[in-house]
1. So which residues in the stretch 109-150 are of a type in the set (Lys, Arg) and farther than 27 Å from LYS200 by Cα, if there are any at all?
2. Consider only pairs whose beta carbons are under 6 Å apart and that are at least six residues apart or on different chains; among these, list those whose first residue lies in the stretch 131-143 and is closer than 11 Å to ILE109 by Cα and of a type in the set (A, V, I, L, M) and whose second residue is open to solvent by less than 20 Å² (accessible area, probe 1.4 Å) and in a strand (DSSP E or B).
3. Please go through the stretch 187-200 and give me each residue that is out of contact with any Asp or Glu (no Cβ under 8 Å at 6 or more places or on another chain), open to solvent by less than 50 Å² (accessible area, probe 1.4 Å) and assigned to a strand (DSSP E or B), ordered by number.
4. Mind checking whether some residue in the stretch 90-107 is in contact with a Gly (Cβ under 6 Å, 6 or more places away or on another chain), open to solvent by less than 20 Å² (accessible area, probe 1.4 Å) and not in a loop (DSSP other than H, G, I, E, B)?
5. May I ask you to list the residues in the stretch 56-89 that are within 17 Å of VAL186 (Cβ to Cβ), free of Cβ contacts under 8 Å to residues at least 40 places away in the same chain and part of a loop (DSSP other than H, G, I, E, B)?
6. Across the stretch 108-119, what is the number of residues that are under 22 Å from THR197 (Cβ atoms) and open to solvent by less than 40 Å² (accessible area, probe 1.4 Å)?
7. State which residue is nearest to the chain's Cα centre (by Cα) when the search covers only the stretch 47-70 and only residues that are of a type in the set (S, T, N, Q) and at pLDDT 95 or above.
8. Taking the stretch 64-84 as the search range and keeping residues that are within 12 Å of GLN108 (Cβ to Cβ) and of a type in the set (Gly, Ala, Ser), which one is surrounded by the most Cβ atoms within 10 Å (Cβ to Cβ)?
Amino acid sequence: MIRPKLALRSIAFYAATSAVALLCGAQTPAAVSVHLDPAQTQINWTLVDVLHTVHGTFQLKGGMVTFNPATGEAQGEVLVDAASGQSGSKMRDGKMQHDILQSQKYPQIIFHPAKVVGTLKPGGGPQDVDVVGTFTIHGADHPLTLHVHVVPAGDQLTMTTHFDVPYVAWGMKDPSTLMLRVEKSVPIDVTAHGTVTGLK
């Protein structure tokens, strides 16, 4: 037999815990997702040697980043076609693809986000966040933090970032010769356009 006072306490405890659970659930933010548009994304790179400066591009195949705005925990994938790298010179690009990137063996360049540091606000004007993750190139993983400048416009985002790829230190072939010295790191500039959902 359940005592009346014990029953009342059980009911009160259940009601209180239920209310707390509902309140916590109401305050838990939904995940924010950003879908990148390959057609409106530009990936530019620059290589400097003693004679001249070479400019080139890569093509984004697709990308999505999803993160929890409360914890910053993120997941997703940004995928670049390694074989799409070009500078306008068939001979130079052939050497880049065959000797340095080895794109037939390593056809994808990938960034996997793990954490977003900072807060995105809808309609809040230009904002800056850091995206911490892993950059995979030439079959090897490297830690990388992207400093991303974001300009929101409704459910659309324009994002820019700059980072360097120290390709020789990361195990790729040094194209330098006795007569020609080439920089061992390649600066990358990205301007991406995407659609955001869940941003409140």
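1. Applying the first criterion (of a type in the set (Lys, Arg)) to the stretch 109-150 yields 115, 121.
Selection gives nothing.
2. ILE137/ILE109
3. VAL190
4. Checked the stretch 90-107: no residue is in contact with a Gly (Cβ under 6 Å, 6 or more places away or on another chain), open to solvent by less than 20 Å² (accessible area, probe 1.4 Å) and not in a loop (DSSP other than H, G, I, E, B).
5. GLY88, SER89
6. Result for the stretch 108-119: 3.
7. Initially, the stretch 47-70 is screened for residues of a type in the set (S, T, N, Q), giving 53, 57, 59, 66, 68.
So of that shortlist, the ones also at pLDDT 95 or above come out as 57, 59, 66, 68.
Values: THR57: 18, GLN59: 15, THR66: 10, ASN68: 15 Å.
The residue in question is THR66.
8. Let us first name the residues in the stretch 64-84 that are within 12 Å of GLN108 (Cβ to Cβ), namely 77-84.
The next check asks that each one be of a type in the set (Gly, Ala, Ser); those that pass are 82-84.
Details: ALA82: 21, ALA83: 17, SER84: 17.
So, considering only residues that are within 12 Å of GLN108 (Cβ to Cβ) and of a type in the set (Gly, Ala, Ser), the one surrounded by the most Cβ atoms within 10 Å (Cβ to Cβ) is ALA82.
The values are calculated or read from the model by the stated rules, or taken from the named source; none is laboratory data. All of these numbers come straight from a predicted model, not from anything done at the bench. Here Cβ is always computed from backbone atoms with ideal geometry, including for glycine, and neighbour counts include all displayed protein chains. Ligands, DNA and RNA are excluded from the accessible area calculation, which covers all protein heavy atoms including side chains. Shrake-Rupley method; radii C 1.70, N 1.55, O 1.52, S 1.80 Å.
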